[in-house]
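The values are calculated or read from the model by the stated rules, or taken from the named source; none is laboratory data. Note that the structure is a prediction, hence the values are computed from the model and not measured. All Cβ positions, glycine included, derive from the backbone under ideal geometry; neighbour counts span all protein chains shown.
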Amino acid sequence: MIWIDSHNHLHFPRLGEATALLASLRDAGVARCVVNATAEAEWAAVAALAVVDPERIVPAFGIHPWHAPEVSGLWQERLAGWLERFPQAGVGECGLDRSAAAPEEELQWPVFLAQLRLAREWQRTLTIHCVKAWGLLFEALAVEAPPPRFVLHGFSGSVETARRLLPLGAYFSFCGEFLQPRRAAVLETFRQLPPERILLETDAPDMLPPPAWVSHPLAHCCNHPANLPAIGSGLAAALGMPVAALAKLTTNNARECFGG
C-alpha cells in the first residue's frame, strides 16, 4: 500500500536526523509527504529536505499564525522567491487562531490575507490552520479568494462548516489525535464528508495518536511520521472501509490536491 502524509513538520529537530526519518517513511510505504514550515526561519530547512529527497518531499513555505508577529519587512518577497524556486511547493502552514495563547488577531490577519493572495496568484495549494476562528476565516476568504485547492489541516470543524468550504475547493485532513475517544465528534464529521475530499496526515511531531495506533514510538510523546499507515488503519475502521481502499482513496486525493 502507498500512503501520502498531507501535513507534517519533518524538519523539526524534535524528530531527529532526517536520513533515518526518510528511511522509516520509505519502509512504511509513505511515498510522499508535505512538509510545512511555520516561520521564515524554517524555510531553508524545508527546502533542504526537498532537495535531498525531491520525490518524497513536497515543501510548503508559510507563516503560522503564532509566528505572525515575527515576520520581516521582506517576508512576502522571500516567500515568492521560494515558490519560484520550487514549482511543486505549496503555501503553508498559515491561518487564523483565536486560542488563548495566540497573538492578537490584528497581527494574524494581514499575514494570512497576504498568503491567501500569494497562493492564488501562484496557483499553489494552501494549507490552513484554523482554531476557534471559523467566522474569521470566512471573512478572510471573502476578502481574498483562495486558490483552487486548499487544505483544512487537522480539520475539527462542523459538517456545516465543511459544506460551506467545499464549493471553494477545500480538502479536509484527518490526524491521529482524532482517534482519541474524546474526539468521536470529529470522526462523525469525517463520515459525512465527500470521500474525494478526505486527506490523511500525521502533523508529526505533534498530534500523537492513541497507543494502539502508534507503530513507531518516539521519546517525549513525539509523533513519528511513519505512524501514518497505522493512523490510516484507524480511520479506515471508523469509516467502515478496508485499509487498502482508504490508502488508495487518500493517496489519490492528495495527488489531486497537491499535484503529481
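Quick notes on this structure:
- Among residues of the range 122-174, those that are within 23 Å of residue 80 (Cα to Cα) and free of Cβ contacts under 8 Å to residues at least 24 places away in the same chain, counted: 2
- Here residue 236 does not qualify as surrounded by fewer than 19 Cβ atoms within 10 Å (Cβ to Cβ), among the aliphatic types (A, V, I, L, M) and more than 18 Å from residue 34 (Cα to Cα).
- Neighbours by Cβ (under 9 Å, 6+ apart or cross-chain): first from the range 226-239, under 16 Å from residue 254 (Cβ atoms); second charged (D, E, K, R): 228/5; 228/201; 231/201
- Any hit, the range 192-199, residues being in a strand (DSSP E or B) and either modelled with pLDDT of 95 or more or in contact with a strand residue (DSSP E or B) (Cβ under 8 Å, 6 or more places away or on another chain) (or both): yes
- Residues satisfying the stated conditions in the range 11-42, i.e. buried (at least 16 other Cβ atoms within 10 Å of the Cβ), among the hydrophobic types (A, V, I, L, M, F, W, C) and over 12 Å from the mean Cα position of the chain (by Cα): 12, 15, 18, 21, 22, 25, 28, 30, 31, 39
This table checks each residue for (1) surrounded by fewer than 18 Cβ atoms within 10 Å (Cβ to Cβ); (2) not charged (D, E, K, R).
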| site | (1), (2) |
| --- | --- |
| 190 | no, yes |
| 194 | yes, yes |
| 203 | no, no |
| 224 | no, yes |
| 227 | no, yes |
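- The lone criterion from (1) over 15 Å from residue 15 (Cβ atoms); (2) part of a helix (DSSP H, G or I); (3) more than 17 Å from the chain's Cα centre (by Cα) left unmet by residue 241 is number (2).
- Matching residues in the range 27-53 - criterion: being in contact with a helix residue (DSSP H, G or I) (Cβ under 7 Å, 6 or more places away or on another chain), under 18 Å from residue 129 (Cβ atoms) and in a helix (DSSP H, G or I): 40, 43
- Residues located in the range 130-173, provided they are basic (Lys, Arg) and over 18 Å from residue 196 (Cβ atoms): 132
- Scanning the range 82-121 for residues that are aliphatic (A, V, I, L, M) and without any contact (Cβ under 8 Å) to a residue 24 or more places away in the chain yields a count of 1.
- Looking across the range 139-149, the residues that are touching a helix residue (DSSP H, G or I) at 6+ places or on another chain (Cβ under 7 Å) and within 20 Å of residue 98 (Cβ to Cβ) come down to 140, 141, 143, 144, 146.
- Residue in the range 147-167 that is among the β-branched types (Val, Ile, Thr), buried (at least 18 other Cβ atoms within 10 Å of the Cβ) and touching a Gly at 6+ places or on another chain (Cβ under 7 Å) present: no
- Scanning the range 58-74 for residues that are surrounded by 18 or more Cβ atoms within 10 Å (Cβ to Cβ) and more than 20 Å from residue 130 (Cβ to Cβ) yields 58, 59.
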